[in-house]
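Here's the structure, in structure tokens; my notes come after.
A short reminder: the numbers here are calculations on the coordinates, not readings from a lab. Everything numeric here is computed off the predicted structure, so don't read it as measured data. Cβ placement follows ideal geometry from the backbone for every residue including glycine, while neighbour counts extend to all protein chains displayed.
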Amino acid sequence: MGIRIRRVLAHPSLLAALTAVGLVVLASSPKGMADAKSPTPLLVELFTSEGCSSCPPADAFLRELDSKQPLAGAQFIVLEEHVDYWDGDGWRDPFSSHDLTLRQAEYAERLHVATGSYTPEMVVDGAYEFVGNDLARANQAFQKALTLPTVPVRISSATAENGKLHVHVQSDLVPAKADVWLALALDHAESQVLRGENGGHHLEHVAVAKRLSKIGKAEKGSTFSKDVTLDSVAKPSRVIIFLQEPGQGKIIGAAMKQFQP
């Protein structure tokens, strides 16, 4: 399907609001307090681009979710996914991927996004999408996602050496069929943007997706267990495993492993 772009203007005080307003609201969740001993993983995907002037505030919000973990009862597993449809507007995003553009387009179709793909777009657990700068919608989506059933997922081992990544993945019983995905991401990345809408700005990123691979299928009523080896891998900063209903549906379980620097 075709890609359509919507440019969303950021509120000038948004960065301050992330801490002063948004994070306070998120941390006040009664359900989060009750579940503090067993946080529920929430996979937060941010579709973004260095060529989009509205994206840096959403990128900053994602960094806050990753570093502050502001909602008691939730474990935010974040993944920053750079699309490539901005690359012709004066600046080629060095982290962009056409595969991620296609992933976003599938979400736009399944979640019935009237405007089509746009940036910045945040998708929570494959079920809720909204403008990545919208703190109120983010809070609503996080609260709703905490009510969805989840399957415990574990990365029992992960090693990277000699250009190979070895990972062992396990899950509890899966209530429905699911695709099992592995994402490799960088903990931190930054760019000095020379041209385009963000020309002259220094941008920072977290959990930048470098590789996204489907590694198997989990069958209904069964557990999933697999040893996975990926070739041609520079040492990543983090590995993310998630189970997603077929057709790029809801995320039903996720886990993350960070490598020591």
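Brief remarks on what is shown
- Each DSSP beta bridge with both residues in region 14-258 is either parallel or antiparallel, and the antiparallel ones are about 85%.
- Using the Cβ-Cβ distance between Asp231 and His112 with R0 set to 51 Å, the FRET efficiency from 1/(1 + (r/R0)^6) comes to roughly 0.85.
- A simple count of charges around Leu43, restricted to other residues whose Cβ falls under 11 Å of its Cβ and scoring Lys, Arg +1 and Asp, Glu -1, yields -1.
- Here is the list for region 199-246: trypsin sites (Lys or Arg not before Pro) lying in DSSP coil, each with at most 12 other C-beta atoms within 10 angstrom of its C-beta, are Lys220.
- Shape category assigned to region 14-258 from the gyration tensor of Cα positions, a/c cut at 1.5: oblate
- Note on region 14-258: with charges restricted to the Cβ of Lys and Arg (+1) and Asp and Glu (-1), its dipole about the Cα centre is near 860 debye.
- Cα gyration tensor shape for region 49-119, rounded if a/c is under 1.5, else prolate or oblate: oblate
- Full extension of the chain between Lys214 and Asp99 yields a length gain of 40.2 nm, computed as 0.36 nm times the residue separation minus the alpha carbon distance.
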